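Report on one structure; see the data block that follows.
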Amino acid sequence: MRSLYISMVSEFYKSRKTLAFWAAILLPAIICSLIAFGFYHDAEKILKLNYPPMALWGRYSGNALGVMGMLILPFYVIFMAFSINNIEHKNDTWKTLFAQPLNRFSIYAAKYLYAVLTIFICLFLFAALTVAFGHLLEFLIPRYHFSAYNPVPILCKYYAKIFLSSLGILSLQFVFSLLWSDFLKPMGIGFVGVIMGIITANVGWKYAYFIPYSHPTLALRITSTAKKAGNPLDFPVFTSEIISSLIYATLLFIIGYIIVSKKSIK
């Protein structure tokens, strides 16, 4: 446990100045503020539609969920997985890393868990800033009535499902970034995979859940369908694409460790 903690702290200090780390903070801040500005600028048009508070939250938060979940999150996960291991590839520090008095599993697990934690922080900020900017909009334009409905339970459930749906992509790209030190191979495969995943999910292919890159899109589509059927909180979290994502994450985590354990330090 001590080795894992030391390795996690080391990962933070190595990556705290990288674009991948700051993107976890800046992406939610920029996207949520732009959406809030749009609602502020078009307030008269939106207020004329007379949305009840729950529907108003749905339209407002749906903008961030759609943009982030289907497009930005998969690409960010790909970039994050590449960035974590590229630090060692770029500086040729794998040998130095493994020469430390720390076991290889702790070093590998710390890298993986740090990537998972960064994605969690990114999604947490999306949810928190969505709520914060919603109440700020009501402060600026009292007729919005955001405070008449509490969106936190449903947003937590949505973002939890999106978080779980990203783990399969992260684990696959993590393995690619261990195998290849260059930018083009893992990033290129990831970009093609995301496009393929979005297409297969949107055309309704019944086996799309076998493709890790389709999981975030499938998670959003299924929860949106369930929401229309009745209670917006009444949708399952562990659907086929989430179970598939967790299976991929587990298997690929093991494969990644095998790759790391066979790296030479000579």
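The numbers here are math on the coordinates, done by the rules we state, and not lab data. Everything numeric in this text was worked out from a predicted model, so none of it was measured. Ideal geometry is used to build each Cβ from the backbone, glycine not excepted, and the neighbour counts take in all protein chains shown.
Measuring against 32 Å, Cα to Cα, the residue pairs Lys206/Lys262; Lys206/Lys263; Lys157/Lys185; Lys14/Lys185; Lys161/Lys185 contain Lys206/Lys262; Lys206/Lys263; Lys157/Lys185 as the ones spanning a longer distance.
Determine the relative contact order of segment 121-222: mean sequence separation of Cα pairs under 8 Å and six or more apart, normalised by residue count, in whole percent.
Relative contact order here is 23 percent.
Peptides 173-181, 187-195 ranked from most to least packed by the mean count of surrounding Cβ atoms within 10 Å: 173-181, 187-195.
Helix 104-140 against the longest principal axis of the chain: what's the angle in degrees, Cα atoms only, rounded to the nearest 10? Between the helix axis and the principal axis of the chain, the angle is about 20 degrees. Straight-line cross-link reach from Lys111 at under 18 Å between alpha-carbon atoms covers these aspartates and glutamates, not counting any fewer than eight positions away in the same chain: Glu11, Glu88, Asp92. Highest average first, the peptides 133-140, 160-167, 95-102, 149-156 ordered by how many other beta carbon atoms sit within 10 Å of their residues are 160-167, 133-140, 149-156, 95-102.
Sorting 41-49, 3-11, 86-94 by their mean Cβ neighbour count within 10 Å, with the most densely packed peptide first, gives 3-11, 86-94, 41-49. Neighbour counts of C-beta atoms inside 10 Å place Met70, Met80 in the sequence Met70, Met80, starting with the fewest. Output wanted: per-residue J couplings in Hz (rounded whole) for segment 162-176, from phi through Karplus 6.51 cos²θ - 1.76 cosθ + 1.60, θ = phi - 60°, x for Gly and Pro. Per residue, the Karplus-derived 3J(HN,Hα) values read 5, 4, 5, 5, 8, 5, x, 4, 4, 5, 5, 5, 5, 5, 4 Hz.
What ranking of Lys111, Lys263, Lys17 emerges when the number of other C-beta atoms within 10 Å of each C-beta is taken as an exposure proxy, fewest first?
On the way: Lys111 27, Lys263 14, Lys17 8.
Going from sparsest to densest Cβ surroundings: Lys17, Lys263, Lys111.
Could you give the angle, 0 to 90 degrees to the nearest 10, between helix 240-261's Cα long axis and the longest principal axis of the Cα atoms of the chain? Taking Cα atoms only, the helix is inclined about 20 degrees. Derived from the Cα gyration tensor, the three semi-axes of the equivalent ellipsoid of the chain are 37, 21, 15 Å, largest first.
Taking Cα atoms only, the orientation of helix 215-228 departs from the longest principal axis of the chain by about 20 degrees. Phi angles across segment 70-75 convert, under the Karplus curve 6.51 cos²θ - 1.76 cosθ + 1.60 with θ = phi - 60°, into 3J(HN,Hα) values of 7, 10, 5, 4, x, 5 Hz, Gly and Pro given as x.
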